[in-house]
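Peer 1: This structure is in C-alpha cells; I'll ask about it shortly.
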Amino acid sequence: MVKYLVGRGLPFTIDHCHGCKGIWLDGNEWEALKKRNLHDDLNLMFTSFWQKEAQREARKKKMEEIYIDRFGADDYTEIKRIRYWLDTKTNREELLAFLIDKDPYEV
C-alpha cells in the first residue's frame, strides 16, 4: 500500500495498492474530494506531476508555519506585503541595499 498526497488544500492521503490497483479512501475523504470537485481527478493523483505539486504545496505550508512561529502572524503578513511590493519595483536591489544598510546616510 502506497500513500499519495491529495494536495489542493486537502490534508489527507489516498492509499493505492500497486498489486491489485485498488484505491482506499478513509472516513469522509470521498465527500471531501467531491466537495472540491476533485473526485474525477482521482487517477491523476497517482502521477508524478500531481505528486510534485502536492509536495510543493505541503512544503510551502510547512515553511509558512515556521515563519509564523518565528515572526508572529502579524509580522509575517506585513513582510509578505513588503516582499510583494519589492517584487513590483524595477529598482528592487537598490531598495534592498538601502534597507539592510546599517546607516544608509553615511557617505
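The values are calculated or read from the model by the stated rules, or taken from the named source; none is laboratory data. Note that this is a predicted model, so its numbers are computed, not measured. Here the Cβ is made from the backbone with ideal geometry for all residues, glycine too, and neighbour counts use every protein chain on show. Just the protein is used for accessible areas: all its heavy atoms, side chains included, with ligands, DNA and RNA removed. Shrake-Rupley method; radii C 1.70, N 1.55, O 1.52, S 1.80 Å.
Peer 1: Would it be correct to say that Trp24 is more than 30 Å from Val2 (Cα to Cα), open to solvent by 100 Å² or more (accessible area, probe 1.4 Å) and either over 19 Å from the mean Cα position of the chain (by Cα) or in contact (Cβ under 8 Å) with a residue 12 or more places away in the chain (or both)? Reasoning before the result, please.
Peer 2: Values: more than 30 Å from Val2 (Cα to Cα): no; open to solvent by 100 Å² or more (accessible area, probe 1.4 Å): yes; either over 19 Å from the mean Cα position of the chain (by Cα) or in contact (Cβ under 8 Å) with a residue 12 or more places away in the chain (or both): yes.
So Trp24 does not fit the description; no.
Peer 1: So the check is Cβ under 9 Å with 6+ separation or different chains; which pairs have a first residue in the stretch 4-19 that's closer than 17 Å to Lys60 by Cα and a second one that's small (Gly, Ala, Ser) and open to solvent by 60 Å² or more (accessible area, probe 1.4 Å)?
Peer 2: So the pair list comes out as Phe12/Gly27.
Peer 1: Here is a further query. Can you go through Gly19, Gly7 and tell me which one is farther than 30 Å from Ile100 by Cβ, open to solvent by 60 Å² or more (accessible area, probe 1.4 Å) and of a type in the set (Gly, Ala, Ser)?
Peer 2: After applying the criteria, what remains is Gly19.
Peer 1: Return yes when Leu42 is hydrophobic (A, V, I, L, M, F, W, C), at pLDDT below 95, open to solvent by less than 50 Å² (accessible area, probe 1.4 Å) and within 15 Å of Tyr4 (Cα to Cα) and no when it is not.
Peer 2: The answer is yes for Leu42.
Peer 1: Hey, another quick one. Do the conditions hold for Arg36, that is, is it open to solvent by 80 Å² or more (accessible area, probe 1.4 Å), at negative phi and touching a Leu at 6+ places or on another chain (Cβ under 7 Å)?
Peer 2: Working: open to solvent by 80 Å² or more (accessible area, probe 1.4 Å): yes; at negative phi: yes; touching a Leu at 6+ places or on another chain (Cβ under 7 Å): yes.
Considered against the rule, which asks whether it is open to solvent by 80 Å² or more (accessible area, probe 1.4 Å), at negative phi and touching a Leu at 6+ places or on another chain (Cβ under 7 Å), Arg36 comes out as yes.
Peer 1: While we're here: Would you check if there is a residue in the stretch 64-79 being open to solvent by 100 Å² or more (accessible area, probe 1.4 Å) and closer than 23 Å to Leu5 by Cβ?
Peer 2: Checking the stretch 64-79: at least one residue is open to solvent by 100 Å² or more (accessible area, probe 1.4 Å) and closer than 23 Å to Leu5 by Cβ.
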